[in-house]
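Quick one: structure below, then a few questions.
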């Protein structure tokens, strides 16, 4: 009887060893499969996340414009546009619009070294382009840029380039953004685009 019990114990010991080895093998297999899955996932190219910023549709833009036009500021602006002064400023802006669109040069003559009273455009001068008066605005300038432009005098003949013309009821002249100014074939000012693209 003791022999039978001893044989049974040996059988169970052998089986438990086999089961333990099997469990270890399964665990190793599971670990290897997990590592392989994570490695493959890390090597997959990431799909770009969709931008959460919503772009306005043209219908939304038109609706926003109508709301603004009904506001006190919009009413003042539209009244100014239809006034003789507004029409004159808009006509002046239209004259140089082709040059601002393609960045081509314009001949200008300095007519005043000061801007109209109450202007909030940074540094600028008054110029005449084809007989029409404009504000040539440079905005905020660095010290070295200011020094070059401070050499300007009334009646200086300039070659200017601009990419933008604007207007506002506050000003009796269209506003030309100064991107490039040359006098006597010498560059006085050239706007350097910001690094972030704005």
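When you take every Cα atom in the range 70-190, what is the radius of gyration, and what is Dmax, the widest Cα pair distance, in Å?
Every Cα atom of the range 70-190 included, Rg and Dmax give 14.6, 49 Å.
Okay, next question. Expressed in nm to one decimal, what extension gain is obtained for the pair residue 130 and residue 155 from 0.36 nm per residue of sequence separation less their Cα-Cα distance? Don't skip to the answer; put the middle values down first.
Working: separation 25, 0.36 × 25 = 9.00 nm, distance 1.38 nm.
Once the chain is fully extended between residue 130 and residue 155, it gains 7.6 nm.
Apply 1/(1 + (r/R0)^6) to the Cβ-Cβ distance of residue 90 and residue 119, taking R0 = 22 Å, and write down the FRET efficiency to the nearest 0.05. Each step should come with its number before you reach the end.
On the way: r = 19 Å, r/R0 = 0.86.
With a Förster radius of 22 Å, E is 0.70.
If I model a spin label at residue 69 and residue 143 as a point 7 Å from the Cα along the Cα→Cβ vector, what separation in nanometres do I get?
Computed distance between label sites residue 69 and residue 143 equals 5.0 nm.
Neighbouring Cβ atoms within 10 Å as the yardstick, rank 55, 111 fewest first.
Numbers: 55 6, 111 15.
Placing the least packed residue first, the sequence is 55, 111.
Right, another one. Sort 158-164, 80-86 for me by packing, meaning the mean count of neighbouring Cβ atoms within 10 Å per residue, highest on top. Before the final figure, lay out each step's value.
Numbers: 158-164: 19.0, 80-86: 12.9.
Averaged packing, sorted descending, gives the order 158-164, 80-86.
Relative contact order of the range 70-190, please, whole-number percent, based on alpha carbon pairs below 8 angstrom and at least 6 residues apart.
28 percent
Expected output is a single nm value to one decimal: the length gained when fully extending between residue 170 and residue 59, i.e. 0.36 nm times separation in residues minus the C-alpha distance. What is it? Mind dumping the intermediate values first?
Working: separation 111, 0.36 × 111 = 39.96 nm, distance 2.97 nm.
Length difference between fully extended and current span is 37.0 nm.
Laboratory data are not the source of any read-out in this text; all were calculated from the coordinates shown. Please read these numbers as outputs of a predicted model, since none were measured by experiment. Cβ coordinates were reconstructed from backbone atoms using ideal geometry, including for glycine residues, and neighbour counts include every protein chain displayed.
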